[in-house]
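What follows is a short report on a single structure.
FYI, it's all coordinate maths here, none of it is from the lab. Because the structure is a prediction, the values reported are computed rather than measured. Quick reminder, even Gly has a Cβ in these numbers, built from the backbone with ideal geometry, and neighbours come from all protein chains shown.
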Amino acid sequence: MGAVIIDGKKISDEIKAELKAEIDQLKSKGIVPGLAAVLVGSNPASALYVKMKARACQQVGIFSDVIIKDNNFTHARMIDLVDDLNNRDDIDGILVQSPLPGQIDEPAVTFRIDPGKDVDGFHPVNQGLVLAGRPVFEPATPLGILELLDRSGNNPSGKEVVVLGRGLLVGRPLAVMLSVKSNIANATVTVCHTGTKNIAAHTRRADIIVAAMGKARFLTGDMIKPGAVVVDVGTNQIDDPTHPKGKRVVGDVDFDSVKEVAGAITPVPGGVGPMTIAALLKNTVKACRIRRGIS
Ligand code: GUN
């Protein structure tokens with residue numbers, strides 16, 4: 001029997017509809033949440049992500065200001081831009097699309113963003129608040145994954161969860177967020193990474209596996225327990241001569257073999273990606289409420 005395909009697009013549409021109703025209410029009080037999205041350089045994947053984020057803002061009624069700079073944009077000018085956005089009253093959230101070109105010191109840019117406008121949840125103040133159990137802005141992808149699990153009927157509470165990857169944006173914060181005592185977390189979490197000796201020994205025990213290590217089709221059907229829930233965070237471009245563009249995007253999960261064994265699985269695209277955007281919108285509305293003192 002094949003796995004249930006978890007439709008991240010459908011769940012994100014539900015969240016966006018809820019947010020739109022909330023934003024309509026804010027608008028009736030004359031308040032419009034605003035998100036600035038900064039794209040530097042010509043990375044096509046980054047350009048696509050920023051476009052999708054701006055379109056999602058439009059759908060729910062968030063004002064979005066997309067700021068595009070060329071590959072030679074200097075670090076000093078980037079810092080000035082962040083300062084300007086920190087000071088703008090029409091902007092509640094700031095998103096600087098990662099990765100940035102090499103001349104820009106990316107951590108320094110992240111640190112410069114006002115933590116109250118850090119809707120990506122990457123600033124160390126917000127990361128620290130997550131660790132302290134007092135989160136304000138949780139990183140968008142882990143937040144989207146928790147919501148996806150909850151809303152698809154796969155609450156991780158009491159479950160064995162294996163997170164593949166310990167990256168700053170997903171694996172590391174997700175492991176913390178999955179293990180806290182809350183209604184939509186409360187899991188027993190194992191983090192596997194390049195130093196893990198026998199990854200399959202861990203994944204075969206897991207009730208839920210989140211693959212976020214950035215290796216195309218790494219997790220295969222023989223590595224999982226029958227009925228496991230598999231969440232694929234990967235977006236890897238591979239060559240595919242049969243595809244009109246000669247390449248296509250695949251996840252960190254070998255979808256075809258895993259779907260034969262898993263109980264449920266997220267597709268790529270259409271799984272975690274739309275949930276990341278929904279979580280970003282949610283954080284932006286939250287930032288707007290906090291900054292403008294609306295309960
Ligand atoms: N690059 C890859 N994922 C993300 C994300 O969630 N936010 C930003 N700003 N950049 C990214």
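Observations on the model:
- Student exercise, the stretch 229-293 dipole from Lys, Arg, Asp, Glu Cβ charges, in Debye to nearest 20: 840
- Sequence ranges 146-157, 69-80, ranked by mean other-Cβ count within 10 angstrom, highest first: 146-157, 69-80
- Across the stretch 114-173, C-alpha contacts under 8 Å between residues 6 or more apart give a mean separation that, scaled by the residue count, equals a relative contact order of 28 percent.
- log10 of Debye I(q)/I(0), alpha-carbon scatterers only, for the stretch 58-193 at 0.18, 0.21 Å⁻¹: -1.05, -1.23
- Among 134-143, 192-201, the peptide with the highest mean count of other Cβ atoms within 10 Å heads the list, and the full ranking is 134-143, 192-201.
- Take 238-247, 210-219 and order them by the average number of nearby Cβ atoms within 10 Å per residue, most first; the result is 210-219, 238-247.
- Value in Å of the Kirkwood radius, where the stretch 19-95 supplies the Cα pairs that are averaged: 13.5
- Ranking V40, A264, I23 by Cα position along the charge dipole of the chain, where only Lys, Arg, Asp and Glu carry charges on their C-beta atoms, puts A264 farthest toward the positive end.
- Here the chain is treated with +1 on each Lys and Arg Cβ and -1 on each Asp and Glu Cβ, and its dipole about the Cα centre works out to around 300 debye.
- The stretch 209-278-the stretch 53-99 distance, computed between alpha-carbon centres (Å): 30
- Over the stretch 151-258, relative contact order from alpha-carbon pairs under 8 Å, at least 6 apart, %: 25
- With N as its number of residues, the stretch 21-65 has a Cα radius of gyration that, divided by 2.2 N^0.38 Å, comes to 1.35.
- Full-extension gain in nm, N198 to R248, via 0.36 nm per residue minus C-alpha separation: 15.1 nm
- Solution diffusion estimate, µm²/s, Stokes-Einstein, the stretch 135-228, Kirkwood Rh from C-alpha pairs, 4 °C, viscosity 1.567 mPa s: 97
- Where both bridge residues fall in the chain, DSSP classifies roughly 10% of the beta bridges as antiparallel.
- Tail fraction, Cα-Cα pairs, the stretch 170-295, threshold 16 Å, whole percent: 69
- Counting DSSP beta bridges with both ends in the stretch 171-258, the antiparallel % (nearest 5): 45
- R0 of 22 Å, Cβ-Cβ distance I79-A216: FRET efficiency to nearest 0.05: 0.05
- Label sites at V32 and R289, each approximated as a point 7 angstrom past Cα along Cα to Cβ, lie 2.2 nm apart.
- Relative contact order of the chain: 21 percent, from C-alpha pairs under 8 Å at least 6 residues apart in sequence.
- Cα shape, the stretch 52-102, gyration tensor, a/c 1.5 rule: oblate
- Estimated Rh, the chain: Kirkwood, alpha-carbon pairs, angstrom: 19.8
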